[in-house]
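Presented below is the structure to which this report refers.
Each reported figure results from applying straightforward, stated rules to the coordinates on display, with no laboratory input. Since the model is a prediction, treat every value here as computed from it, not as a measurement. For neighbour counting, all protein chains shown are included, and Cβ atoms are generated from backbone atoms with ideal geometry for every residue, glycine included.
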Number of protein chains: 2
Amino acid sequence: MSTAALLVIGNEILSGKVRDTNSAYLSVELRKLGVDLERILTIPDVVDTIAYETRQMSERYDFVFTSGGIGPTHDDLTMDGVAKAFGLEIVLNQSMVDRMVRYSKGPVNDAMKKMAMIPEGAEVLDVGGLWFPVVVVENVHIFPGIPELFEKKFDSIRDRFAGIPFHLRKIYVREQESDIADTLNLLLKEFPQLMLGSYPRINEQDYRVLLTLESRDPEYLKRATETLIARLPEGAIHRVE
Amino acid sequence: MSTAALLVIGNEILSGKVRDTNSAYLSVELRKLGVDLERILTIPDVVDTIAYETRQMSERYDFVFTSGGIGPTHDDLTMDGVAKAFGLEIVLNQSMVDRMVRYSKGPVNDAMKKMAMIPEGAEVLDVGGLWFPVVVVENVHIFPGIPELFEKKFDSIRDRFAGIPFHLRKIYVREQESDIADTLNLLLKEFPQLMLGSYPRINEQDYRVLLTLESRDPEYLKRATETLIARLPEGAIHRVE
């Protein structure tokens, strides 16, 4: 069972100028793969902060993902931060320059070369159709902030992270959450391994609470779901998925 | 100049079952108010983790906001976590129970009473039209995860956080980011206090990069913007806002 953390790097997210969609994307995809995403942290473009948080995450989680800060401009400091996290130098990666020359229409300028400066000894994973690879340092996987590229790149290497997937059931309930809370607490006493979520909804016509039941063990999930359904008041269930 | 941090609490976000929109909302609103949001952290529903991170944030930032984990169910642990962060007991707040009785149609049950259990000595800020107030412990402001309620509650007390607002200009540029990176770096050398953002866009027809220039000093911003516009290649600018 693997764990993961995501480090989102960028003043533009914190100041509300750009909306982060990579967190939501990665949380859904990792769940499908059976990886526990345990932390999402958004921080400014500051080398020391990137270095400190990368190091902490690298020690605590199996997989670390970073989003953003790998372009050619002044505020693109992720490579420097990750290098500093592990006490590595930043060096020009010739295979990336070569690829850049092949993909680029014009000449390769200094700003473009900056993007080929990566931590020494980093693993470079080829991604079909894009000149910029996924750079991996220790267990840290460096992704771009642009959503289309983040998603395309993650998708191209997703198999590396595959674990034991979760099974999920959803129950849409017409009752108030406070009226079924005791029933849920009792269920958890009997099924302590069950991951049970209870999410009130305000603007839905047909139900007031979405319940989610999850387990890696499909038999266990089946028993817990049937037990809960039998205990909810008559007419309380809008639908089950 | 105030700083802020947001702690998002909830397994449902990390596992991709519910999409967090409160972070984006708060980042935009704090920016309008002139507050620097310096960190957004999403963590699981675990009391010790909530306590540790709340404490850290409370020491480092002027304002801390929490989102989620204040309902009546087993996984609503924010009050416990915040209390533990400051070594406080959790006690029944009678004014909240009274308000609940007034607003509720049916009787007040145990699950509802759980929602009135808050850290001792907490400040309770009335929010018009809702029975549940905003609970404040030290500099930690406790908000619900449900977006409609989060937004309504924040809006009702936003004036408490007003600082010196930022001024923002946007320049939409047709060039590749790597072709203007040197120009941007030069600008920053001359205007070191300028907050300059450069955000490549892939799926836009009319421009390739969005540049944002920000400052709390409108005169400084004006000079920096004019300097940059004069230096960009002819025809490079799609529009200025």
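Stokes-Einstein diffusion for the protein assembly as shown, with the hydrodynamic radius set to the Kirkwood value over Cα pairs and evaluated at 10 °C in a medium of 1.306 mPa s, equals 65 µm²/s. Residues B:MET115, A:MET195, ranked from the fewest to the most other C-beta atoms within 10 Å, line up as A:MET195, B:MET115.
Shown in residue order for segment A:128-136 are the 3J(HN,Hα) couplings computed by the Karplus curve 6.51 cos²θ - 1.76 cosθ + 1.60 at θ = phi - 60°: x, x, 10, 6, 8, x, 8, 8, 10 Hz (x for Gly and Pro). Amide H contacts under 5 Å for A:ARG216: A:HIS167, restricted to partners 5 or more places along the chain or on a different chain, H placed in the peptide plane at 1.01 Å from N. Backbone geometry of segment B:155-171 corresponds, through the Karplus equation with coefficients 6.51, -1.76 and 1.60 at θ = phi - 60°, to 3J(HN,Hα) couplings of 4, 6, 10, 4, 4, 4, 9, 4, x, 8, x, 8, 9, 10, 10, 10, 10 Hz, x marking Gly and Pro.
Once backbone amide H atoms are built at 1.01 Å from N, B:HIS238 has B:TYR172, B:VAL173, B:ARG174 as its partners under 5 Å, excluding neighbours fewer than 5 places away on the same chain.
Think of the protein assembly as shown as having a plus end and a minus end, set by charges on the Cβ of Lys, Arg, Asp and Glu; of A:VAL91, B:LEU33, B:LEU130, B:LEU130 sits farthest toward the positive end of this dipole. The distance between label points at B:ALA230 and B:ASN185 comes to 2.3 nm (points 7 Å beyond Cα on the Cα→Cβ vector). A simple rule links phi to the HN-Hα coupling: the Karplus curve 6.51 cos²θ - 1.76 cosθ + 1.60 with θ = phi - 60°, which for segment A:73-89 gives 9, 3, 8, 9, 10, 5, 4, 4, x, 5, 4, 5, 4, 10, x, 9, 7 Hz, with x for Gly and Pro. The relative contact order of segment B:3-161, computed from alpha carbon pairs under 8 Å that lie at least 6 residues apart in sequence, is 24 percent. When B:SER67, A:SER27, A:SER156 are sorted by how many other C-beta atoms sit within 10 angstrom of their C-beta, beginning with the fewest, the order is A:SER156, A:SER27, B:SER67.
May I ask for the percentage of alpha-carbon pairs in segment B:1-149 that lie more than 25 Å from each other? Considering segment B:1-149, 26 percent of its Cα-Cα pairs are separated by more than 25 Å. For the set A:LYS32/B:LYS113; A:LYS222/B:LYS17; A:LYS189/B:LYS114; A:LYS105/A:LYS153; A:LYS152/B:LYS17, the pairs lying more than 25 angstrom apart at their alpha carbons are A:LYS32/B:LYS113. Using alpha-carbon pairs under 8 Å, 6+ residues apart, how would you state the relative contact order of segment B:167-240 in percent? Result for segment B:167-240 is 47 percent. Relative to the current alpha-carbon distance between A:MET117 and A:GLU59, full extension at 0.36 nm per residue lengthens the span by 18.5 nm. Database remark: amide H of B:HIS141 closer than 5 angstrom to the amide H of B:VAL64, B:PHE65, B:THR66 (H placed geometrically; neighbours at sequence offset of 5 or more, or on other chains; Pro and chain starts carry no H).
Measuring from a point 7 Å out along Cα→Cβ, what nm distances, shortest first, does A:SER104 have to its partners in the other copies? Label-point distances to the other copies, shortest first: 6.7 nm.
Other residues within the sphere of radius under 12 Å centred on the Cβ of A:LEU228, judged by their own Cβ, net out at +3 (K and R +1, D and E -1). Distances between equivalent label points of A:GLY34 across the copies, with each point positioned 7 Å along Cα→Cβ, amount to 5.4 nm, shortest listed first.
With the label put 7 angstrom out from Cα along the Cα-to-Cβ vector, B:LEU130 ends up 3.8 nm from the copy partners, going from closest to farthest. Checking every one of the GluC sites (Glu not before Pro) in segment A:1-95 against DSSP loop status and a limit of 12 other Cβ atoms within 10 Å picks out A:GLU89.
Summing charges over neighbours of B:GLY87, with a neighbour being any other residue whose Cβ is under 12 Å away from its Cβ, gives -1 when K and R count +1 and D and E count -1.
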